[in-house]
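Read through the structure below, which is laid out as C-alpha cells, and then see the notes.
The values are calculated or read from the model by the stated rules, or taken from the named source; none is laboratory data. The shown structure was predicted, so the numbers you read here are calculated from the model rather than taken from an experiment. Glycine also receives a Cβ, built like all others from the backbone with ideal geometry; neighbour counts cover every protein chain displayed.
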Amino acid sequence: MILKLSKRNFLIVCFTFLFSCISFANDDSAVEEKPAFNINETIFGHIGDNHDWHMWDYNGHAVGFPLPVILVNTNPFSIDVFMSSEFEHGHKTVTKGDHTYKMVAKEMGGQDIFYVENGEVTDKGPLDFSITKNVFTLFLVAIIMLVMFIGCARAYKRRPGQAPKGFQAWLEPVILFIKEDVIEPNLGRHADKYTPYLLTVFFFIWISNMMGLIPFFPGSANLTGNIAVTFVLAVFTLLITNFSGNKEYWKDIFCMPGLPWPLIPIMAVVEVIGIFTKPFALMIRLFANITAGHIIVLSLTSLIFIFGTLAIAPVSVFFVMFMDVLELFVAALQAYIFTMLSALFIGLAMPEGHEA
Amino acid sequence: MDLVTPGIGLVFWTTVTFLLVVFLLIKFAWKPVLGMINERNKSIEDALQLAEKTKAEMAQLQADNERIIAEARKERDNLLKEAREMKDQMIAQAKAEASAEANKIMAAAKVSIENEKNQAMQDLKSQVATLSFEIAEKVIGKELENKKVSDEIIAESIKNLKFN
C-alpha cells in the first residue's frame, strides 16, 4: 500500500517537474546568445581541485568563499600566505615581497599559480601548499572522524562492559566487521598491530567518499577521487607492508626457494616490480572508481544544459538518483576493498613459512 | 595528465592530516574502543563459563542432596527398626524377669508355707500328745509313778505319730 502510494507520489513529482520545466524552458528561450556550454570545463572543474569554494552563480557573479593560498618559494626560501580572493578568479596578479603570482585555470580543472616576471606569465611557479577545496574537505573529514571515534570511545568508557547504545551501537558492528572479517583473516596473530591503521584507512576512505557524494557545501569535493590522496594512502600501505616484511618475504622476492638458479635474477626483478604494482593498483583503483562516479553524475546533470531544456531534468534526476545510490554502495565497497587489500598485502609480507 | 599527477600541496596535507588522525585515533579512540570490546568479550565469556560451572555445581549439589536425603531416610529406617527391636527385647526381658521373680516368690512362699505347716504340725503333735497324755492320765486315774518312763513313752508316741 505504502509502496503504491509512494510510487504514485513519485510520478506526480516527476510530472510536476516536467511541466514546470517546459514552462521554464519557454521563458528561457527568450534570452538568447548565452555562451556555449562547455561540458569538459564544467565536469573537470568539479573533478579537479580549486583555490576557492564556488557554490553557485548569482547574476553572473560566483557565490562562494575564498580559501587560503600558501606558496613556498624555494630560491630563496620564503612562504607567502594570502586569501585566494586576492586573485579575483585569476583576473589579477598578486605581488608579495619579491614575487608576483598569477593564478591560471588549468585545462582539466583547477588552477596553477605561476610567477609573473616583467609583466609576462612564466611557466614556473612556487610550490603550492594552499588550503584548497580538497585540503579543506580533508580537514573536515579529519575533524568528523576525531569527533566520531573519540565520542565513541567516550561512550565505551562511560558504560564499561555494557551493551553498546546509540551511535556507538551503530559503529561497533562496522568496526567489528572490519576487525574480524577483513583484518584478522588476513593478518592472523599479527592483526592487533595493524588494526588501528587499517580501521583508520577504512573510515577515512568511506567518509571521504560519502562527503564527495554530497552535492553542496560541506561535501562535493572529489577528495578520494584525487590521485594525490590515494597516492599517499597507497604509499602508507607500501611502507607498512615492506617494513613489516619478514625474512621469508624478502627471501621469496630475491631468492625464491625451489627456483632454478638462472631464473632467480629475472624473478627478483619481477618481484621487485610487484612490490610497487600492488599499492599502485590500490591507488589507481580508488582514484578511478570515485572519479568515474563523479564524472557520470556530472555528465547526467549536464544533459540538462547540453539539451538546453529542463524537459530532460526528470530523466537526469532519475538517472542521477540511480547513480547516487550506486555510488553510495561504491563508497563503502571501495573503502572495504582498499582496507582488505592493504591487510592482504601486509599479511603476505609475513608468510608463516617452514621455520616461522 | 593533470588529473593523474599528484599535486605536492595535497600530498603534503594528506600525509600530515592522515598521520595526525591515525595517531590521535590510536591514542584516543582505537585503543580504548578495542580494549573495551576485548574486555567485554572476555567478561561475557567468563560469565558464560561461570554459568556453565555453576550449572554443573548445582547438578552436583542436587545429586548430593538426593544422596543425603536417601541416606537420612535409610538411617531413620534403621533407627526405627533398632528401636522396635529394642522395645521387643525389653518387653521380653521384662517378662522373663517378672516371671523369674514370680517363680522365686512362689518358691519362697512354698518353702515358708511348708515350714509353717511343719511347725504347726509339730505344735499340733505336741498338743495332741499332751492332750492324749492328760486324757490317758485321767483315764487311768492315777499318775504313773515313773514320770521318766511316761515321758519317754510320750516322746516315743509323738515320734511315731504321723498325720496323713
* **Residue list for the range A:225-238, restricted to those being out of contact with any Pro (no Cβ under 7 Å at 6 or more places or on another chain) and either of a type in the set (D, E, K, R) or more than 14 Å from B:V11 (Cβ to Cβ) (or both)** => A:G225
* Asked: Tell me, which residue of the range A:125-147 that is more than 15 Å from the chain's Cα centre (by Cα) and more than 7 Å from chain B (Cβ to nearest Cβ) is farthest from B:L3 (Cα to Cα)?
  -> A:V147
* To do: Give the residues of the range A:169-199 that are buried (at least 17 other Cβ atoms within 10 Å of the Cβ) and facing chain B (nearest Cβ under 9 Å), sorted by residue number.
  => A:L171, A:E172, A:I175, A:K179, A:T195, A:P196, A:Y197, A:L199
* To do: Determine, yes or no, whether A:I295 is more than 30 Å from A:N186 (Cα to Cα) and either in contact (Cβ under 8 Å) with a residue 12 or more places away in the chain or polar (S, T, N, Q) (or both).
  => yes
* Can you pull out the residues in the range A:69-109 that are surrounded by fewer than 14 Cβ atoms within 10 Å (Cβ to Cβ) and of a type outside the set (V, I, T)? -> A:N75, A:P76, A:F77, A:E88, A:H91, A:K92, A:G97, A:D98, A:E107
* Tell me, which helices (runs of 4 or more DSSP H) lie completely within the range A:120-213 with 3 or more residues that are at pLDDT 90 or above, of a type outside the set (A, V, I, L, M, F, W, C) and touching a helix residue (DSSP H, G or I) at 6+ places or on another chain (Cβ under 9 Å)? -> A:133-158, A:184-187, A:191-213
* **Residue list for the range A:210-265, filter: within 30 Å of A:D128 (Cβ to Cβ) and among the aromatic types (F, W, Y)** => A:F216, A:F217, A:F231, A:F236
* Long-range neighbours under 7 Å by Cβ, at least six apart or interchain, first residue within 7 Å of chain A (Cβ to nearest Cβ) and outside any helix (DSSP H, G or I) within the range B:7-28, second surrounded by 15 or more Cβ atoms within 10 Å (Cβ to Cβ) and not polar (S, T, N, Q) -> B:G7/A:D49; B:G7/A:D128; B:G7/A:A228
* Structure fact -> For A:G274, the lone unmet condition from (1) in contact (Cβ under 8 Å) with a residue 60 or more places away in the chain; (2) small (G, A, S); (3) surrounded by fewer than 15 Cβ atoms within 10 Å (Cβ to Cβ) is (1)
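Can you tell which of B:M106, B:M86 is in a helix (DSSP H, G or I), within 36 Å of the chain's Cα centre (by Cα), of a type in the set (A, V, I, L, M, F, W, C) and exposed (fewer than 13 other Cβ atoms within 10 Å of the Cβ)?
On the way: B:M106 fails: within 36 Å of the chain's Cα centre (by Cα).
Selected residue: B:M86, the only one of B:M106, B:M86 that is in a helix (DSSP H, G or I), within 36 Å of the chain's Cα centre (by Cα), of a type in the set (A, V, I, L, M, F, W, C) and exposed (fewer than 13 other Cβ atoms within 10 Å of the Cβ).
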* Asked: Do we have any residue at all in the range B:39-61 that's away from every other protein chain (no Cβ under 14 Å), of a type in the set (D, E) and either without any contact (Cβ under 8 Å) to a residue 12 or more places away in the chain or surrounded by 15 or more Cβ atoms within 10 Å (Cβ to Cβ) (or both)?
  -> yes
* Structure fact -> A:T224: passes all of (1) within 15 Å of the chain's Cα centre (by Cα); (2) among the hydroxyl-bearing types (S, T, Y); (3) away from chain B (no Cβ under 14 Å) but (3)
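Per-residue answers, yes or no, for (1) over 20 Å from A:D192 (Cα atoms); (2) of a type in the set (S, T, N, Q):
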position	(1), (2)
B:I8	yes, no
B:T14	yes, yes
B:L25	no, no
B:P32	no, no
B:K42	no, no
B:K55	yes, no
* May I ask you to verify whether B:A59 is under 20 Å from the mean Cα position of the chain (by Cα) and at pLDDT 95 or above? => no
* Structure fact -> Of the residues in the range A:200-218 that are away from chain B (no Cβ under 14 Å) and under 22 Å from A:F177 (Cα atoms), the one that is surrounded by the most Cβ atoms within 10 Å (Cβ to Cβ) is A:N209
* Structure fact -> Given (1) away from every other protein chain (no Cβ under 14 Å); (2) within 27 Å of A:L326 (Cα to Cα); (3) aromatic (F, W, Y), A:F231 misses just (1)
